[in-house]
Structure formats: structure tokens, C-alpha cells
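Peer 1: Pasting a structure here, questions to come.
Throughout, read-outs are computed from the coordinates displayed, never taken from laboratory work. Keep in mind that this is a model prediction, so the values were computed, not measured. Reconstructed Cβ throughout: ideal geometry from the backbone, glycine too, with neighbour counts over all protein chains shown.
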Amino acid sequence: MMLRTFALSLLFAAAAGCAGGHAAMRGSVVMKIDATTAHVCLGKGEVAVNDRVRLYKNACQTIDKRVACTRTMLAEGTVTEVLDDHYSVVAFPAGMTFEEGNTVEKL
């Protein structure tokens, strides 16, 4: 029960960030629920149940005072639930690794 309460408090904290700056956070993995499931900042009107998404890892580094970023596709996933205007739940294949801060885009 304590773990569920903690997870919900994290979701509400992330919701404040996603709702306040949804355009900037759009597509962000905001909470890793378990090894294959995440809450992402894509909500009602952006995705629907069974929509496919691609998961990306962004890596940035500074070279000669310039920031260079690369984006690597990690996996494809499926929207399993749309929670509200800001969030949905996405399931990814077993055996792949992802983390909060990765991004997803609808296919």
C-alpha cells in the first residue's frame, strides 16, 4: 500500500509538470511503473488505446561550447490505457531497458 501511495504521489508531482508545460514535456516517460510499463506525457486527443509508439533515448554532449544530441530508437510499444488529458500508459516488450526521461512518439 505504501508503494502504491508513493507511486501515486510521484504521478501527481509529474502531472503538475506535464500539465503546466505539456508542450515541452510532450512524449516524455514521466514514471516507470515496472520493467515493461510506463506513464507517458501523451493524453486524450493525442493517443488512443492500441496506438503504437516508438521509444527513444536522447544523449547530449557539449563539444566546443555547442551541444550535440543524438536520438536512438530503443523499442516500439503500445498504448494500453489513456488516463486523462495529459497521460497514458504504454507497454514495451520484455527484455528491453528504458528510463524516465526517455521520449515516445506516436507512429
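Peer 1: Can you run phi through the Karplus equation (6.51, -1.76, 1.60; θ = phi - 60°) for segment 42-49 and list ³J(HN,Hα) in whole Hz, with x for Gly and Pro?
Peer 2: So the J values, rounded to whole Hz, are 9, x, 3, x, 9, 9, 9, 4.
Peer 1: For the residue pair residue 96 and residue 72, what label-to-label distance in nm results when each label sits 7 Å from Cα along the Cα-to-beta-carbon direction?
Peer 2: About 1.4 nm separates the two model spin labels.
Peer 1: Students often forget the sequence filter, so: which lysines lie under 28 Å Cα-Cα from residue 106 once same-chain residues fewer than 8 apart are removed?
Peer 2: Partners within reach: 32, 44, 57.
Peer 1: So the label point goes 7 Å from the Cα of residue 35 along Cα→C-beta, right? Which residues of segment 69-97 then have their backbone N under 15 Å from it?
Peer 2: 92-97
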